Structure formats: C-alpha cells, structure tokens
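Everything below concerns the one structure shown next.
Each reported figure results from applying straightforward, stated rules to the coordinates on display, with no laboratory input. Here the structure is a predicted model, which is why all the values come from computation and not from measurement. Ideal geometry is used to build each Cβ from the backbone, glycine not excepted, and the neighbour counts take in all protein chains shown.
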Amino acid sequence: MKRILYFIAINFLIVLITLSCSEEPIPEPDAAILSSPANNSACLKGSSETGTIATVTFSWNEAANADSYVLEIKNLQTEQTTSYTTTSLTYSATLSIGIHYSWSVTSVNTTGKTTGSVWKFYLAGIAASNYAPFPAELIAPVSGAIINANGEASVQVSFTWKGSDVDNDIASYTFYLDNADATTQVIASQTENTTTQTLQSGKNYFWKVVTTDKVGNKSNSMISSFQIK
C-alpha cells in the first residue's frame, strides 16, 4: 500500500513540475506604429528609376511579440493592393509616380496577427506648389450593402464619405449617383461630406464622389454599389 501511495505521489509531483515548467501561451502581437512615409503627405523621397517610377522606403516601429510583418500598399487609383512579408522594420517598394497610395502593416506571430493604422501619401516624385486631393473614402453605404425598404416604394439613404488633402485645401465635393455606372451628377458642388437622397426600392445603385481643391485639382473616388430591396 505504501508503495502504491509512493508512486501516486511521485506521479503527482511529475505532473506539477511539468505544468510549472510549461511555457506561457504567446499573446497576439501588438500593432506596429507607422513611421514613414508620413500620413497625408506628399512623398518626395525615393530614387527615381525611369522618370515614372520611384523606390519608396517604408518604415515602422517594432511591435511587441511580432515574429514578422506584412506590408500592404494600396494604389488608390486602381484599388489594387500589393503585400510584402518581412522580418525587418523597413521595406523598399517600387511604385508609380503621380499616384495616391495607402499603406498599413500587420504584425504576425504563431498565435495571430494585428493590423495597425492605415496611412495615405501621394508619391509626387518632385516638389510642386499644390497637389491633387486624395480620393474620397466612401464610408456609407458600404459597397455591397442591401438596404431593406420594408415594403415601401422609396427610402431615404444617407451617404457619408471622408476627404483628405496634402495641402489641406479641399474646396468642394461633387456627388454622382445612378443605376448603372455612377456617371450621373446629382450634386454639383457642396462642402459637406454627407448627403441624404430619396431612392426607389427594387433597384441597384452606384455612387462616387469627386473631390476638388482650391486650385482646381480633382480626384475620383472608387465606385461603390448597393441594393435597395
């Protein structure tokens, strides 16, 4: 009996030692803090290679518990996103000049991943006295949304967007909305970044916003679509 109790005690101690020596679970990584190119800036740095492209170096601060990073660069004109994976805190990418971009960094480890802030910049290449606004960010309705009219023939829909500009000189927004390709001008000029429209149910809608600055530079947002049932 004593021998049985002895073996039970030994096994119990082994379990305790194993549990006490086991590693703590690795927490998900923190978000990386972006450094450069600065947010809402005109990026003039980078080595021009052909006159139409330049190499831009992206940098960010180290994130706790991160094993690697995924840099995502989005061309705001074409809506195309390119991703790069690195263990470094910098990455150099070759981009087209004269384009607005957004970029973000996702911290990754074996437990999970965390995406931080999204910054924007304009790759000017050379200095200019004024730069075109960033394409407006369409916030609501979100693309692909289905709005329930609850049996009504029409419904009021609120549209919201966000504008930004390197020179901070946005003058107005032009609002386009129709059932085909967002080429019908509904509001020629307004300074507010929201509007409410009464729309018929049972139709698909497409909308966009053109941003104009004080010297006449313009930028087109992406086209967003939604449905009213």
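FRET efficiency for the pair I187 and A38, taken as 1/(1 + (r/R0)^6) with r the Cβ-Cβ distance and R0 = 30 Å, rounds to 0.40. If the chain linking N168 and S83 were pulled fully straight, counting 0.36 nm for each residue of separation and taking away their Cα-Cα distance, it would gain 27.7 nm. Gain on full extension, evaluated as 0.36 nm per residue between K203 and E72 minus their Cα-Cα distance, stands at 43.7 nm. Full extension of the segment from T194 to I139, taken as 0.36 nm per residue of separation minus the current Cα-Cα distance, would add 18.8 nm. Taking the C-alpha atoms only, the angle from helix 2-21 to the longest principal axis of the chain is near 30 degrees. Would you work out if region 78-209 is rounded, prolate or oblate? Take a ≥ b ≥ c from the square roots of the eigenvalues of the alpha-carbon gyration tensor; rounded if a/c is under 1.5, else prolate when a/b is larger than b/c, oblate otherwise. Oblate, because a/c is 1.5 or more while a/b does not exceed b/c.
Relative to the Cα centre, the charge distribution of the chain, modelled as +1 at Lys and Arg Cβ and -1 at Asp and Glu Cβ, gives a dipole magnitude of about 420 debye.
Within the shell of other residues whose beta carbon sits under 14 angstrom from the beta carbon of I99, the net charge comes to +1, with Lys and Arg scored +1 and Asp and Glu -1. Quick one: of the DSSP bridges fully inside the chain, what percent are antiparallel, nearest 5? Close to 90 percent. Listed here are the pairs K113/K162; K208/K229; K113/K218; K120/K214; K120/K203; K120/K229; which of them are more than 31 Å apart at the Cα? Over 31 Å Cα-Cα: K113/K218; K120/K203; K120/K229.
In percent, rounded to a whole number, the relative contact order of region 83-229 is 25, using alpha-carbon pairs under 8 Å and six or more apart. Assuming R0 = 22 Å, can you tell me the calculated FRET efficiency for the pair D30 and T57, based on Cβ-Cβ distance, to the nearest 0.05? After rounding, the FRET efficiency stands at 0.45.
Between the listed residues G116, Y173, A93, the Cα displaced farthest toward the positive end of the dipole of the chain, a dipole computed from Cβ unit charges relative to the Cα centre, is found at G116. This ranking places E28, E62 by how few other beta-carbon atoms lie within 10 Å of each, fewest first, which gives E62, E28.
Estimated from the Cβ-Cβ distance and a Förster radius of 22 angstrom, the FRET efficiency linking S117 and S225 is about 0.20. In percent, rounded to a whole number, the relative contact order of region 34-123 is 35, using alpha-carbon pairs under 8 Å and six or more apart.
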